[in-house]
Amino acid sequence: MAAITATPPARTTGLGSSTVQIAHRALLRYLRTPQLIVVGTLQGAMFLLIFRYVFGGAIPIGGGVPYVDFLVPGFITTGVLFTGMKAASGAAEDLQQGFVDRLRSLPVPRFSFLAGRALADTAWNTWGLIVTAAIGFAVGFRIHGGILDSLAAFGLCVVFGFAFEWLFIMLGLMAGTPQAAQGLALLVFPFTFVSSAYIPVSTMPGWMQAFASHQPVTYMVDAVRSLSQGRAAELLIGHSTGYLVTGSLLWALGLVVVFAPLAAFKYSRS
């Protein structure tokens, strides 16, 4: 009688290495579609120029803060939401084209797909932040806070983008198709306008101010604005920089705590 030998289980790739590989794949797909880079850059520049030169003269800010210095921190911060639409459509495309099914057949941790997408899209967001900041300086934006505070403001934008990536990934998995994912992602964009990103909250109707003052985009925008503009921005906003940074970090943590498990649950049932 032939001896029966047990076959050892297949070795599972580690979470870290599989996450990096999936992130690398997602970034290569972005780089192999150069029109995404060109169109995204042109769109960001166009909207910033419109707000700067078309609406800027009609929106008084006061408090010694020029409108361009008020606008650019808000525009940079909310830019991570507009860039985040690609995360939703990218996740839906991976699901639709069978990449998720192929991953399931491999010995890789399931969470690596979500972490890889979040990592790649955060890197893409960081590139968009750099481009938008450069355009902002070109149209007259200037930093009036410290250099370290300004670097902290940039880092805060990266954290903000990472937190929102989990929402967009969940929407992409829920939508199932890139077209539907783009439609669902658009539902997030009203938060950018009902916030302090482009105009002071005090100019809004009273019932809207209550919502705009306490939603995550306003906290994040005001924190970035306060870090980059210094004391004048603190007086204009009415809160200290520490208060705003703490509030924005708590919102970012809350977004991850809520939407990362939801994305994982949706991925497991896709």
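The values are calculated or read from the model by the stated rules, or taken from the named source; none is laboratory data. Note that the structure is predicted; figures quoted are calculated from it, not measured. Because the Cβ atoms are built from the backbone with ideal geometry, glycine has one as well, and the counts that use them run over all protein chains shown. Calculation scope for accessible area: heavy atoms of the full protein, side chains included, ligands and nucleic acids excluded. Shrake-Rupley method; radii C 1.70, N 1.55, O 1.52, S 1.80 Å.
General remarks:
- Residue match in the range 117-135 (condition: outside any helix (DSSP H, G or I) and over 15 Å from the mean Cα position of the chain (by Cα)): no
- Only a single item in (1) under 14 Å from LEU255 (Cα atoms); (2) surrounded by 19 or more Cβ atoms within 10 Å (Cβ to Cβ); (3) in contact (Cβ under 8 Å) with a residue 40 or more places away in the chain is not met by VAL188, and it is number (2).
- Residue check, ALA152 without any contact (Cβ under 8 Å) to a residue 40 or more places away in the chain, assigned to a helix (DSSP H, G or I) and aliphatic (A, V, I, L, M): no
- Among (1) in contact with a Ser or Thr (Cβ under 6 Å, 6 or more places away or on another chain); (2) surrounded by 20 or more Cβ atoms within 10 Å (Cβ to Cβ) - the single one LEU156 does not satisfy: (1)
- Filter result for LEU81 (within 14 Å of the chain's Cα centre (by Cα) and either in a helix (DSSP H, G or I) or more than 24 Å from LEU250 (Cβ to Cβ) (or both)): yes
- Residue within the range 57-76 that is closer than 17 Å to TRP124 by Cα and touching a residue at least 60 places away in the same chain (Cβ under 8 Å) present: yes
- Residue that is open to solvent by 60 Å² or more (accessible area, probe 1.4 Å), among the β-branched types (Val, Ile, Thr), modelled with pLDDT under 80 and assigned to a helix (DSSP H, G or I), where the choices are VAL38, VAL20: VAL38
- Flag for ILE169 being within 17 Å of MET220 (Cα to Cα), touching a residue at least 24 places away in the same chain (Cβ under 8 Å) and either touching a Leu at 6+ places or on another chain (Cβ under 7 Å) or open to solvent by 30 Å² or more (accessible area, probe 1.4 Å) (or both): no
- Test: LEU253 is exposed (fewer than 15 other Cβ atoms within 10 Å of the Cβ), within 16 Å of LEU81 (Cα to Cα) and touching a residue at least 60 places away in the same chain (Cβ under 8 Å): no
- Pairs with Cβ under 7 Å, 6+ apart, first in the range 191-213 and touching a residue at least 12 places away in the same chain (Cβ under 8 Å), second among the hydroxyl-bearing types (Ser, Thr, Tyr) and surrounded by fewer than 20 Cβ atoms within 10 Å (Cβ to Cβ): VAL201/SER213
- Looking only at the range 59-78, residues that are modelled with pLDDT of 85 or more and of a type outside the set (S, T, N, Q) come to 11 in all.
- Residues in the range 209-243 that are more than 19 Å from PRO60 (Cβ to Cβ), among the hydrophobic types (A, V, I, L, M, F, W, C) and surrounded by fewer than 16 Cβ atoms within 10 Å (Cβ to Cβ): ALA210, PHE211.
- Restricting the range 99-114 to residues that are among the aliphatic types (A, V, I, L, M) and surrounded by fewer than 20 Cβ atoms within 10 Å (Cβ to Cβ), the residue that is nearest to the chain's Cα centre (by Cα) is VAL100.
- Residue in the range 197-204 that is under 14 Å from PHE82 (Cβ atoms), out of contact with any Ser or Thr (no Cβ under 6 Å at 6 or more places or on another chain) and exposed (fewer than 14 other Cβ atoms within 10 Å of the Cβ) present: no
- Taking the criterion of being charged (D, E, K, R) and in contact (Cβ under 8 Å) with a residue 24 or more places away in the chain, no residue of the range 227-245 qualifies.
- Those residues of the range 239-270 which are closer than 24 Å to VAL100 by Cβ and of a type outside the set (A, V, I, L, M), in sequence order: PHE259, PRO261, PHE265, LYS266, TYR267, SER268, ARG269, SER270
- If you go through the range 134-153 and keep only what is of a type in the set (A, V, I, L, M) and open to solvent by 20 Å² or more (accessible area, probe 1.4 Å), you end up with ALA134, ILE135, ALA138, ILE143, ILE147, LEU148, LEU151, ALA152.
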